[in-house]
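Values in this text are rule-based calculations from the coordinates and carry no lab data. All of these numbers come straight from a predicted model, not from anything done at the bench. So basically every Cβ, Gly included, is an ideal-geometry build from the backbone, and we count neighbours across all protein chains shown.
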Amino acid sequence: MTLSQHPKTLALVIGASLALSGCGTQQPSAAAIVNDTVVRHQDTVISDADVQSVPLELNALAQSGQELKVSDALLSLILAPYVLDEAKRVGKTVSVSEARTVVAKVANPSPSTIAFVEMQLSLQKLDQASKTRIVDQLGKVKITVNPRYGAFDVTQIALTPIAPNWIKPTAPSPAK
């Protein structure tokens with residue numbers, strides 16, 4: 001390889017790395033970003049590792065056929081600050097100790113697992129007016145989800161699968 005080929009090779013490698021990463025400007029370890037800020041709950045960044053830990057810990061308690069999906073855990077962690085704030089506003093909070101009681105059989109549950117349980121318990125206590133208020137708040141923020149988990153759909157309050165724009169559909173091979 002000649003010296004003049006090095007810059008071309010370097011440019012090709014960098015371009016391929018960026019194209020294959022699929023993360024764009026998103027922080028690679030972030031599972032979700034709200035209003036250009038990594039989602040936080042009680043000073044815990046919702047990273048891929050945090051999101052993965054919730055189903056890992058809770059599925060050990062699950063009865064057959066009731067396994068929690070990683071995308072559902074992420075959705076709950078995205079919603080947690082809004083649900084917990086609304087529960088506090090209407091006086092229907094759930095304490096961390098209540099959440100820990102629910103997952104007492106999990107040895108050393110992660111902060112994300114506690115936040116997940118706290119959110120689920122709080123959501124059950126809220127009436128429709130409170131839930132509508134949460135949806136209204138969610139409609140005012142920009143929620144960016146790591147493409148591996150899909151995209152946040154505020155109309156459905158769900159993570160929906162996406163076809164990443166860096167994966168181009170292949171044309172069928174012409175018949176020979």
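Estimated at 0.36 nm per residue, the fully extended path between residue 72 and residue 132 surpasses their Cα-Cα distance by 19.6 nm. Amide H contacts of residue 151 (H built 1.01 Å from N, in plane; Pro and chain starts excluded): 160, 162 sit under 5 Å, all sequence-distant by 5 or more or on other chains. The alpha carbon gyration tensor of the stretch 25-160 gives principal lengths a ≥ b ≥ c with a/c of 1.5 or higher and a/b no greater than b/c, which makes the shape oblate. The HN-Hα couplings worked out from phi for the stretch 73-87 by the Karplus form 6.51 cos²θ - 1.76 cosθ + 1.60 (θ = phi - 60°) are 5, 4, 4, 5, 6, 5, 6, 3, x, 6, 5, 5, 5, 5, 4 Hz, whole numbers, x standing for Gly and Pro. Arranged from fewest to most other beta-carbon atoms within 10 Å of their beta carbon, 54, 102 become 102, 54.
Subtracting the Cα-Cα distance of residue 155 and residue 56 from 0.36 nm times their residue separation leaves 32.8 nm of extension gain.
Working from label points 7 Å from Cα in the Cα-to-Cβ sense, the residue 108 to residue 63 distance is 3.1 nm.
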